[in-house]
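A quick write-up on the structure given underneath.
None of the figures in this text is laboratory data; all of them are computed from the coordinates on show. Predicted model only: the values in this text are computed from it and were never measured. A quick note on method: Cβ atoms are made from the backbone with ideal geometry, for glycine too, and the neighbour counts reach across all protein chains shown.
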Amino acid sequence: MSWDSVNALVTILTHPALTFLVGFFLGLLGKAIYLFKIQDLYERRKRHQELLVDSLKKWLKPSSLRSGIGDSPPIECPDPPRDFDKYVRQHLETGYPRAIKLFEDLKKISSDCVDKRSKLMERVRDIVSARDEPYRTTYDINSFVYVVIGEIKHRLRSSKVFEPVRKSEGRKWILKFGAVEVARSEDSQVLDKLESFFYELIQAEELRSDVKEIIEMDREYNEKFKELRGIIEDIITRFEHGNKLQGKCDICPKFFG
């Protein structure tokens with residue numbers, strides 16, 4: 001290539017019009033790349049928050065059976081609330097402190113209730129065991145404890161469930177409270193004493209006070225859970241209407257820069 005050709009090419013490449021066009025197209029390319037990045041970040045953020053909301057929806061679904069002693073507890077305690085997904089919890093901690101406060105309150109109420117019930121069951125069992133007459137009756141202590149606590153609960157709620165029923169079977173008498181068999185004996189006077197003992201226990205103020213406290217714990221739990229559920233439902237509704245989730249989690253910097 002001759003020097004004249006080189007000079008001509010340089011002249012063309014450095015022409016102001018070409019320089020402008022190149023700059024213009026590079027500017028468009030830069031803007032396109034920037035808009036693509038913005039759109040990508042938006043889509044990733046949206047997907048991240050959609051997954052968090054899906055996790056909240058699953059949390060709202062009914063949980064398993066409530067905690068109890070045996071298959072059928074005489075008085076129920078609420079289950080502890082199910083844990084949130086790690087990243088959902090982080091968003092709640094940083095963006096919805098009231099939700100986390102309620103969640104922790106629910107865990108404590110559940111734990112305290114189970115502890116209170118266990119101590120009550122043990123106290124009644126000790127009282128009943130001290131009155132046992134092993135040589136005169138076949139006596140189911142656990143069943144007797146069950147009907148005593150259960151009847152206190154129902155009477156505090158203005159109902160009766162475990163009324164005593166007695167029937168004979170062969171040479172023995174059978175004592176039931178509702179459908180729960182408690183004792184068998186050839187001596188009906190032994191069952192008379194058990195009936196009297198039953199009525200004595202269900203009127204014991206110390207036991208009634210403990211049962212009242214457990215009932216109150218259950219009531220408080222239900223109120224707080226209702227409030228927490230309302231907060232979670234509101235978060236979901238707001239997101240579905242275009243609002244982003246508040247707070248942040250460990251994943252957020254990775255997605256949003």
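Shown for Y146, Y96: other C-beta atoms within 10 Å of each C-beta, ranked fewest to most, produce the order Y96, Y146. The Rg/Rh ratio for the range 54-256, using Cα coordinates for both the radius of gyration and the Kirkwood hydrodynamic radius, is 1.18. Using 0.36 nm per residue and subtracting the Cα-Cα separation, the extra length available between E216 and E186 on full extension is 6.6 nm.
Sorting the segments 203-216, 233-246, 73-86 by their mean number of nearby beta carbons within 10 angstrom, highest to lowest, gives 73-86, 203-216, 233-246.
Taking 0.36 nm per residue of sequence separation and removing the Cα-Cα distance, the R47/V165 pair yields an extension gain of 36.2 nm. Can you list the lysines whose alpha carbon sits under 27 Å from that of K226, skipping same-chain ones fewer than 8 residues off? Here the lysines satisfying the reach criterion relative to K226 are K57, K58, K61, K86, K101, K107, K108, K116, K153, K212, K244, K248. Using the Cβ-Cβ distance between E240 and K108 with R0 set to 45 Å, the FRET efficiency from 1/(1 + (r/R0)^6) comes to roughly 0.90. 3J(HN,Hα) couplings calculated from phi for the range 49-60 with the Karplus curve 6.51 cos²θ - 1.76 cosθ + 1.60 (θ = phi - 60°) are, in sequence order, 6, 4, 5, 5, 5, 4, 5, 5, 5, 5, 4, 6 Hz; Gly and Pro show x. FRET efficiency for the R125 to R229 pair, using the beta carbon distance and R₀ = 45 Å, is estimated at 0.80.
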